[in-house]
Amino acid sequence: MTRCFFHLDASDIPSNPSQDELHTHLYGGKAPKPGTVAIGNQVRDLFLRLGVQPSTRAVDLVSIALAVTAADTFVLRDETDTGWSRQIEIYLPLLNPEPWKGATADLSRTLGFLSGDSWTFEFLPGGEEPPAKAAIARHQPRLDVSSGDSVSLFSGGLDSTVYALTAIKKSERPILVSHGYTGDKEVQNDIVGKLPKRLQHASVNAWPNSDLRSDISMRTRSFLFLAIAALVCDVRSRLSGGALPLFVPENGLIALNAPLTPRRIGSNSTRTTHPYYLMGMQSIFDAVGIPAAIKNPFELLTKGEMVAGLSDDGLFRILASETVSCGKWKRDGMQCGRCVPCLIRRASLYAGNVDDQTQYQSPDLAEVLGKEDHRDDLVAMMTAVRRLETNNLERWVAQSGPLPTGQPRRDSLVDVCRRGILEVGRYLSDSGLRL
């Protein structure tokens, strides 16, 4: 078990903490002492850039998300008994702890589903305060949140780009929210700058930093992503009242992320946009009064079906190859072409009849199949296509997380998984692979 303590004042951090403790300077720019952590300095600037004073509940949500991100980054899975699941205790000051004390069960359950860990929370008084209205009025540059009618996550990937272009075609004006990590930020800004209509774009890098070794799994990244988006919903709703739509654009196959093979159940199945996780986040928002209504507009579409909806759009045909789907692309500055997200991406552009001009490290999949150190994801995807013929698909899909109890929606989610796998199967087969 690791106890994680968060401090707004770096001088409160002890010099010789216990080995089972992690101490973090919350909203700090640089880790103040060896063996400690800092996170969130840029987020304070975002509070000012929004142009409207955020509510206490929204700032407290962001503080919780930063704390979770710090713990997820620096509490190591390989030092646990199982080599995976961690027991993490969070001791965090909030400005108004009371509403959150009633939401701790939802937080623990939702984060446990997301990361596979055991999370407990103790909320203390003395948290980060929203910036003063006078400081917000003086700050430049500022976002014009009043010009938006919704909020949408924007990763710079194919799905979020499809949503932004689709919304513009419908004369909608989503405020785009991004994790502005190094490398990702440049891609995101480039695509936003090429959209046919100027949309407000809130980008921030939480920048967890320390001299400690970090864990690479980062299963809770979408929790911080949604918290920042909910913050934007909060400030926008303060101008007009009412909950704001918060869109999480992700194709149905990836959102469900059913394990491609039996050995991929659990640690190899991420749940960052799974319907059950999004439902848990909505429960948390509702419990504390966060004015955001989460919706995945593409949960019942395959990636290829999404692409097909814009296949006649000249700008999309150009931008599609500039988007990034690969989680490994920053290693060499090029998308690999052989991981699961890349395979689904390539199949979607093929299905949507959009010429894929993306530069891949491994453009030839037959060659990938012959390389033992490269072929794992491709073989898993080919196995999944074959499994469709013999497996109970509903039971298979449910291995990644609980499905809705309502049968019509449940059936629709299972069917989008089926169509998505078949979509990839057709691409692999037409690429010359024997399934």
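The values are calculated or read from the model by the stated rules, or taken from the named source; none is laboratory data. Keep in mind it's a predicted model, so treat the numbers as computed, not measured. We place every Cβ from the backbone using ideal geometry, glycine too, and count neighbours over all the protein chains shown. Note: accessible area is taken over every heavy atom of the protein model, side chains too, but ligands, DNA and RNA are not part of it. Shrake-Rupley method; radii C 1.70, N 1.55, O 1.52, S 1.80 Å.
Brief remarks follow.
- When we screen 342, 326 for residues that are touching a Cys at 6+ places or on another chain (Cβ under 8 Å), open to solvent by less than 30 Å² (accessible area, probe 1.4 Å) and part of a loop (DSSP other than H, G, I, E, B), the only hit is 326.
- Selection count, segment 169-225, where residues are in a helix (DSSP H, G or I), crowded, with 17+ Cβ neighbours inside 10 Å and of a type outside the set (Asp, Glu): 9
- Flag if residue 57 is out of contact with any helix residue (DSSP H, G or I) (no Cβ under 9 Å at 6 or more places or on another chain), open to solvent by 40 Å² or more (accessible area, probe 1.4 Å) and within 30 Å of residue 200 (Cα to Cα): no
- Cβ-Cβ under 8 Å pairs, at least 6 apart or on other chains, segment 188-204 side free of Cβ contacts under 8 Å to residues at least 40 places away in the same chain, far side assigned to a loop (DSSP other than H, G, I, E, B) and of a type in the set (Gly, Ala, Ser): 188/155; 188/156; 188/180; 203/180
- Some residue of segment 306-320 being buried (at least 20 other Cβ atoms within 10 Å of the Cβ) and more than 27 Å from residue 169 (Cα to Cα): no
- Number of residues in segment 125-154 that are touching a Pro at 6+ places or on another chain (Cβ under 9 Å) and either in a loop (DSSP other than H, G, I, E, B) or of a type in the set (Lys, Arg) (or both) equals 10.
- Residues (assigned to a loop (DSSP other than H, G, I, E, B) and either under 19 Å from residue 122 (Cβ atoms) or open to solvent by 60 Å² or more (accessible area, probe 1.4 Å) (or both)) located in segment 1-32: 1, 8, 9, 13, 14, 15, 16, 17, 18, 19, 20, 30
- Filtered residues of segment 64-89 (kept if in contact with a helix residue (DSSP H, G or I) (Cβ under 9 Å, 6 or more places away or on another chain), assigned to a helix (DSSP H, G or I) and aliphatic (A, V, I, L, M)): 64, 65, 66, 68
- The lone criterion from (1) more than 15 Å from residue 430 (Cβ to Cβ); (2) touching a helix residue (DSSP H, G or I) at 6+ places or on another chain (Cβ under 6 Å); (3) open to solvent by 70 Å² or more (accessible area, probe 1.4 Å) left unmet by residue 350 is number (1).
- Put simply, of 358, 390 the only residue that is under 15 Å from residue 422 (Cα atoms) and part of a loop (DSSP other than H, G, I, E, B) is 390.
- Looking only at residues in segment 96-120 that are small (Gly, Ala, Ser) and either open to solvent by less than 20 Å² (accessible area, probe 1.4 Å) or in a helix (DSSP H, G or I) (or both), the one that is nearest to residue 83 (Cα to Cα) is 115.
- Residues (outside any strand (DSSP E or B) and touching a Phe, Trp or Tyr at 6+ places or on another chain (Cβ under 8 Å)) located in segment 292-306: 296, 297, 298, 304, 306
- Tally, over segment 122-142, of residues that are open to solvent by 30 Å² or more (accessible area, probe 1.4 Å) and touching a strand residue (DSSP E or B) at 6+ places or on another chain (Cβ under 9 Å): 4
- Exactly one residue out of 46, 61, 92 is in a helix (DSSP H, G or I), in contact with a strand residue (DSSP E or B) (Cβ under 7 Å, 6 or more places away or on another chain) and at pLDDT 95 or above: that is 46.
- Whichever residue in segment 380-409 is touching an Asp or Glu at 6+ places or on another chain (Cβ under 9 Å) and open to solvent by less than 50 Å² (accessible area, probe 1.4 Å) and, among such residues, is nearest to residue 298 (Cα to Cα): 403
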